[in-house]
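Engineer: Sharing a structure, written as structure tokens. Questions coming.
Every read-out reported here was derived from the displayed coordinates using simple, explicitly stated rules and does not represent laboratory data. Nothing here was measured: the structure is a model prediction, and the numbers come from that model. Every residue, glycine as well, gets a Cβ built from its backbone with ideal geometry; the counts of neighbours run over all protein chains shown.
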Amino acid sequence: MLCLKRSGKPSSMVASSLCFLWALLGLYAMAPVLMASTPAAMCTPLKTLNDSLSHRRRYMKHNFPINYSIRVYREEIFKLSTISRMRLKVEGLDELVLQRLWFQVNQGVLKKIIRVLPERHPSRSYSAELERRFRDAEGVFVQSHPAEMFQQELPEKIQDIWDQLTEEPDRVLESSWRFASPKSLVDSLCRTMFCLFSDCFVHPGAQQDYCGVSHLGRGNKTSIQKAEKRPAE
């Protein structure tokens, strides 16, 4: 907002004070926009993805044999503790880098889940829908940032992880493979989504830390479940 003087007499002290007050109020109103790490356009596809994730217990647990697991890269076991560890070990780690890594990790995870499912498996269509909605969110993510961002050099430790994720399976050492259940992998996808894109899920006025590893506690599980069930705005 611009504060202009009237022609003739100079602005009074009261007018100047009011002008300053309006400027402060304007900055205060803009603060959420300036501080937000997630573009507003991202929230709709992420909430749509979250709608599908809210059914993951039925399709990723009940439709699979007990203790069923699939083979994934070690780096695809991507949890809240993984994010916390990266933030501690990688100096000046940009949130956008973590978001890019989140998409890269879970792109591979969802493809591996679909790959092991026969065409007539009761969870096949659900998994395909989940992967489609994930790709929709990724497309909006790419469109919401300048192309130069995706050409920037990654921190060395993040680049090492990226290289492992894109390595050809037959060239990966046996020690680099892990086994995990589809449910645990999709649980991690959901929890880390809430952490890295929290702007889209925190209720106005609430102070919820979706990145805290204490989320595994009952109280925080409940808060995530409520957010998952909240209708998209």
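Engineer: Considering only DSSP states other than H, G, I, E and B, which GluC sites (Glu not before Pro) in region 46-140 qualify as loop sites with at most 12 other Cβ atoms within 10 Å?
Structural biologist: 91, 119
Engineer: What is the local net charge at residue 106, summed over the other residues whose Cβ is closer than 10 Å to its Cβ (Lys, Arg +1; Asp, Glu -1)?
Structural biologist: Counting the neighbours of residue 106, the net charge comes to -2.
Engineer: Find which of 177, 141, 200 sits farthest along the positive direction of the dipole of region 134-211, computed with +1 on the beta-carbon of Lys and Arg, -1 on that of Asp and Glu, about the Cα centre.
Structural biologist: My answer, from the dipole projection, is 200.
Engineer: Please report 102, 177, 162 as a ranked list, fewest other C-beta atoms within 10 angstrom at the top and most at the bottom.
Structural biologist: 177, 162, 102
Engineer: If you don't mind, another one. Between residue 66 and residue 149, how many nm apart are label points set 7 Å from Cα along the C-beta direction?
Structural biologist: 4.6 nm
Engineer: Could you run the Karplus curve 6.51 cos²θ - 1.76 cosθ + 1.60 with θ = phi - 60° over region 50-60 and give me ³J(HN,Hα) per residue in whole Hz, x for Gly and Pro?
Structural biologist: Per residue, the Karplus-derived 3J(HN,Hα) values read 5, 4, 5, 5, 5, 9, 5, 4, 5, 8, 9 Hz.
Engineer: Going by Cα centres, region 61-91 and region 133-210 are how many Å apart?
Structural biologist: If we compute the Cα centre of each part, the gap is 11 Å.
Engineer: Can I ask one more? List every residue whose amide H lies under 5 Å from the amide H of residue 70, counting only residues 5 or more places away in sequence or on a different chain, with H placed 1.01 Å from N in the peptide plane.
Structural biologist: Excluding prolines and chain starts, which carry no amide H, the hits are 180, 181.
Engineer: A 25 angstrom limit on the alpha carbon distance is what I want to check against. Which of 79/111; 79/157; 89/112; 61/157 exceed it?
Structural biologist: Checking Cα-Cα distances, 89/112; 61/157 exceed 25 Å.
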